[in-house]
Amino acid sequence: MKSESAKNILKTLLSLVLGLLIIWAMYRNSDLGELWDIIETANFGIIGVSLIFGLIGNILRGLRWELFVNSLGYHPPRASLINATLGNYAVNFLLPRAGDFWRCGVVSKYDKIPFAKTLETFLIDKIVDVIAGLSIIFISIILYIDFFISYLNNNPQFGDNIVNLLSSEWLYIILGLFVILILLYLVFLRKNPLMIKVRSFLLTVKHDLKLISSMKEKRRIIIYTILLWLCFYLYFYICFFSFDFTKELGPLAGLIVFAMTNIGISVPVQGGIGPWHFMVSSSLVILGVAENQSLAFAAAVFTIQSVWQILYGLYGVFAMPFVKREHISGKVPDTETKII
């Protein structure tokens with residue numbers, strides 16, 4: 001148990017150090033006094049308005065998760081799922097991606113739902129967001145292909161990294177080991193107790209996916225997804241109007257930079273610190289914003305939005321025990337599939 005805790009602490013520190021190194025590399029040659037002077041010119045009232053959309057977007061994410069949970073026959077209080085979704089982000093600042101498991105675990109604990117069920121529905125909910133995020137990036141590329149060509153020309157390390165990955169022998173060694181593990185499972189490990197449990201879990205997931213695929217609220221899932229991503233876009237784009245050097249860039253430029261933030265936030269670093277700054281500032285430079293202005297914009301917006309996420313996330317964490325519950329799950333019978 002101690003070794004596991006030490007491993008988690010080390011993982012947290014390494015990811016935080018990585019983010020701080022990126023921040024240091026970006027800002028090391030900048031005049032911090034000049035950056036602060038630029039930040040002071042911002043209209044913080046406009047940024048404050050944008051924060052409302054960030055909160056609404058995550059509430060909508062909680063409402064969408066509720067549809068997946070309900071489809072399995074569990075009906076926890078709506079406030080419980082929303083609070084867990086909000087708290088997810090505060091925990092992620094403490095330990096990268098830990099908030100995802102906390103979110104599932106806290107709903108499982110307080111609302112008497114098996115952890116496997118909350119995890120299944122969370123993963124499906126996450127897949128929907130991944131598809132939506134990739135769609136936004138794809139649409140951005142189609143609408144503004146010149147930007148991405150310029151971005152790759154100005155940041156050749158991205159293309160080089162892809163080439164290095166495809167030419168690395170480690171990629172093929174890992175793929176070969178993966179194939180060997182599958183063959184070992186098929187030949188020797190089918191009767192292993194651990195493998196039996198894994199197969200049982202996968203069969204249960206398959207059964208539950210059928211329940212989810214037959215749910216009647218598919219249209220609401222689509223509507224929630226569109227609305228929450230629109231909120232996240234406004235959460236970011238409205239901040240453009242708080243600075244004189246970004247307010248004239250327009251909604252399409254906002255969509256481009258927003259798409260790039262989704263790439264940055266996917267890096268497993270606390271809150272995206274470092275990669276988020278890099279994606280925003282480098283994108284704004286391509287769009288014609290001066291480097292010191294783009295760095296000031298990234299620092300100001302990230303800091304304010306992060307504090308906001310931590311605040312409403314802490315509310316979600318501390319509100320979870322006080323949600324009124326009746327502990328009636330409405331469980332669908334026979335959701336556990338047995339291995340013969």
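The values are calculated or read from the model by the stated rules, or taken from the named source; none is laboratory data. As the structure is a prediction and not an experimental result, all values here were calculated from the model. Every residue, glycine as well, gets a Cβ built from its backbone with ideal geometry; the counts of neighbours run over all protein chains shown. Just the protein is used for accessible areas: all its heavy atoms, side chains included, with ligands, DNA and RNA removed. Shrake-Rupley method; radii C 1.70, N 1.55, O 1.52, S 1.80 Å.
Among helices (runs of 4 or more DSSP H) entirely within the range 27-113, having at least 1 residues that are open to solvent by 40 Å² or more (accessible area, probe 1.4 Å) and of a type in the set (Lys, Arg) singles out 78-94, 98-111. Residues in the range 221-252 that are in contact (Cβ under 8 Å) with a residue 12 or more places away in the chain, more than 22 Å from the chain's Cα centre (by Cα) and farther than 13 Å from Ser50 by Cβ: Asp244, Phe245, Leu249, Pro251, Leu252.
The condition (being at pLDDT below 75 and in a helix (DSSP H, G or I)) is satisfied by just one residue among Ile137, Ile162: Ile162.
Could you tell me which residue of the range 280-313 is most open to solvent (accessible area, probe 1.4 Å), considering only residues that are aromatic (Phe, Trp, Tyr) and under 18 Å from Leu35 (Cβ atoms)? Steps first, please.
So in the range 280-313, the residues aromatic (Phe, Trp, Tyr) come out as 297, 302, 308, 312.
When the remaining residues are screened for being under 18 Å from Leu35 (Cβ atoms), the result is 297, 302.
Working: Phe297: 0, Phe302: 23 Å².
Here the residue is Phe302.
Assessment of the range 66-83 against the conditions (at pLDDT 90 or above and within 15 Å of the chain's Cα centre (by Cα)) yields no matching residue.
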